[in-house]
Amino acid sequence: MKASRRRFLALAGGAVAAPALLREGYAQAPQVTLKMHHFLPPVSNGHAKFLAPWARKVEADSQGKIKIDIFPSMQLGGTPPQLFDQVRDGVADLVWTLPGSTPGRFAGMEVVELPFIAARRGVVNAKATQELYETQLKDEFREVHPICLWSHDHGLVHANKQVKTMEDLKGLKLRSPTRQAAEGLRALGASPIAMPVPQVPESLAQRVIDGAVIPWEVVPALKVQELVKFHTEIPGSPTLYTASFTLAMNKAKYESLPAELKAVIDKNSGQVAAEAAGRMWDDQAVIVSDMVKKRGNTITTIAEDEKKRWEQATKPVIDAWIASVKDKGVDGGKLVETFRGLVAKYDKTV
C-alpha cells in the first residue's frame, strides 16, 4: 500500500507539474526561430531591459510559435557597423543597431543627432523619432522591415577631467557615436574620435581617449564609472545630442511569416516598442546616475548661460548639415523643423 501510495503521489505530482512545463514551453515546438544580433554584452541594459523582454513578449503573444534566440556582443561575427547589412542580407533575422554607425547612409535620420535638437527625456526622443520615420523617412529603411526606431535620452560628457565650460573641452579627445555628434563636439573645441561603443573601455584604459559622450544607460556595461571620475550634464531641453537606434527585421523573413505571426510582430512594433525603449533609457538614467554619485564620482551640470554658449557655437553644424544633405535630395531645413515640432509635441504629452 505504501508503495502504491508513493507511486500515486508521484504520478499526481507529475500531472500537476506538466501544465507548468507546457506553459513554459508553450506545449509545442516553435514554427519560426529568429536570430537577433546586437553589439552590447548581455549585462547591458539595452539587452536585459529592452531586447530580451521584447523577445519574450513576442514569444508569449505567439503562444510559442515564434522563438527568438539573442546573440549579444557580435557573437554571429562582424563589427557593429555591419549589423544593418547583416539583417538586410539575412545573416541575422533581427538586429539592434545605430543608423549613425554608417555615416551618410541614412542622411535624413541624421537630423535627430544634430546638436541641441533632441529632448532631455528618452521617451520623448523615441516617440518623435518613430513618427519622423513613419511620416518622412520610410524610404531610407526600405531594405529592411523596421520594428521600431527610437533615440535615447540626453547624452552627456564623461571624462578624466571636470568640464564646466567650453574652454574645458578644448583639445579633449572624446569618443563620439555619430558624425553629427562629432561635428558638435568639434565646434565646442573638443577632438572627437569616432568608435563603436564596445571599444570605449579599452580606449579609456589605454588613454587613447580622454572621455566619451554616451547616455547614462550604457555606463555600467562599459564600466565607465571606474575609468573616469567626472560626468557633465547639460540642463533641460534641448540637450547636447542623442543617437538614433533601430530594431530591424529581415524583410524576406517578415514577409514569409503566416498572417497570424505577422500580426504578433506588428502588435509589438511601432510606437509601442519605441516608447518601451525610451522609457527604459529614462528609468536607467536615474538609477545609474544615483549609482555614480554614491560611488563618489563628480557630476557637474553646466550653467544655463554656458549652455547658451554651447548652443550658439554648434548652430553652424546644423546649418552645414542642411546644406550638405541638399545634394542628396533631402530637405534638411524641413526635417529640422519637423523633428523639433515632434519633440515639442511629445514633450507635452508623454
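For the ranges 314-326, 120-132, what's the packing order if you count other beta-carbon atoms within 10 Å of each residue, average per peptide, and put the highest first?
Going by the mean number of other Cβ atoms within 10 Å, highest first, we get 120-132, 314-326.
Return one number: the angle in degrees, 0 to 90 and rounded to the nearest 10, between the long axis of the Cα atoms of helix 271-295 and the longest principal axis of the Cα atoms of the chain.
Result, in degrees: 70.
Based solely on its DSSP helices, what 222 nm [θ] is calculated for the chain when runs of n ≥ 4 H residues each add -39,500 (n - 2.57) and the sum is averaged over all residues, nearest 500 deg cm²/dmol?
Helices in the chain give a 222 nm mean residue ellipticity of -14500 deg cm²/dmol.
In degrees between 0 and 90, to the nearest 10, how far off the longest principal axis of the chain does helix 122-136 point, with axes built from Cα atoms?
With rounding to tens, the tilt is 90 degrees.
What order do you get for 192-198, 252-258 when each peptide is scored by the mean count of other beta carbon atoms within 10 Å, highest first?
Highest mean packing first, the order is 192-198, 252-258.
List the trypsin sites (Lys or Arg not before Pro) within region 194-230 that fall in a DSSP loop (any state other than H, G, I, E or B) and whose Cβ has at most 10 other Cβ atoms within 10 Å.
Passing sites in region 194-230 are 207.
Considering only Cα-Cα distances, which of the following residue pairs are longer than 27 Å: 164/223; 127/334; 138/253; 49/161; 173/223; 127/307?
Exceeds cut-off: 49/161.
Assign unit charges at the C-beta atoms only (+1 for Lys and Arg, -1 for Asp and Glu), then state the dipole size of the chain relative to its Cα centre in Debye, rounded to the nearest 20.
1240 debye
Can you tell me the 0 to 90 degree angle between the C-alpha axis of helix 304-326 and the longest principal axis of the chain, rounded to 10?
With rounding to tens, the tilt is 80 degrees.
Which FRET efficiency, nearest 0.05, do residue 283 and residue 328 yield, Cβ-Cβ r, R0 35 Å?
The formula returns an efficiency of 0.45 here.
Mind checking the dipole of region 160-227: about its Cα centre, +1 per Lys or Arg Cβ, -1 per Asp or Glu Cβ, Debye to the nearest 20?
140 debye
Since every read-out is calculated from the coordinates, none of them should be taken as a lab result. Keep in mind the model is a prediction, meaning the values are calculated, not measured. Quick reminder, even Gly has a Cβ in these numbers, built from the backbone with ideal geometry, and neighbours come from all protein chains shown.
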